[in-house]
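Reading through the structure tokens given below for one structure.
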Amino acid sequence: MGRKGGGFRSTLVMALLIVVLSVALGVGISRFDFMARIPVVGPFLFEEQPARTTTSPVVVEGIRDLNQLATVRLTESVLITRESGGTGFERIFSGERVLLVAVGEVEAGVDLANMGEEDVQIDGDRVTIRLPEPEILSTSLDEDETGVYDRDFGPLNFRPDDELVEEARDEAVEGVEEAARENDILDSARRNAEDSIRAFVTTLGFEEVEFVS
């Protein structure tokens, strides 16, 4: 009977040791798994934060890739008159008068190719950008809508002057561009450029974008 009691006690002690070791091991594993998920710097613990990698050169390169950013297009129409044949009686008898109705398109925007790193300043989530001045990028006549409306010849003029028509067309290009400037195309180009660049820069993670002159 003594040996049976001693064997029972030994078995009970071993079982209790196994239970204690299992609990301790489980707590240790859980603690290790929890600690593994928290970065440690020295004796301090802190919540992991994503590092910002977007720098001024990165922003500038992205903006440069937009190249000549055409942000507004206007359609203008002008009436051009050109005359040849000198003055006085010479014009009356041998001159020519051309009346040209011209319709053209003007595109304006900003040329971003020459932006430098000094034009972009980054401060945390804020970026300050200096854009180039807006400019006219192209002016062209609509050939389907542009043509000679009227052409008068003096009684002694037997040959049309085609150069006069070309001169009228050149003047029409200038007139269409001037009309677009008078309609504040450059101001519209600046505003639209800022909106486009702001939309692009916010995709890089910036919360505030400011434009300066």
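The values are calculated or read from the model by the stated rules, or taken from the named source; none is laboratory data. Here the structure is a predicted model, which is why all the values come from computation and not from measurement. Every residue, glycine among them, receives a Cβ derived from its backbone with ideal geometry; neighbour counts consider all protein chains shown.
Some notes on this structure:
- Tally, over the range 119-152, of residues that are within 18 Å of the chain's Cα centre (by Cα) and not polar (S, T, N, Q): 14
- Selection over the range 95-110 of residues that are of a type in the set (D, E, K, R) and either buried (at least 22 other Cβ atoms within 10 Å of the Cβ) or modelled with pLDDT under 90 (or both) gives a count of 2.
- Residue match in the range 156-173 (condition: at pLDDT below 85, assigned by TED's automatic domain parsing to the domain that holds ASP111 and surrounded by 15 or more Cβ atoms within 10 Å (Cβ to Cβ)): yes
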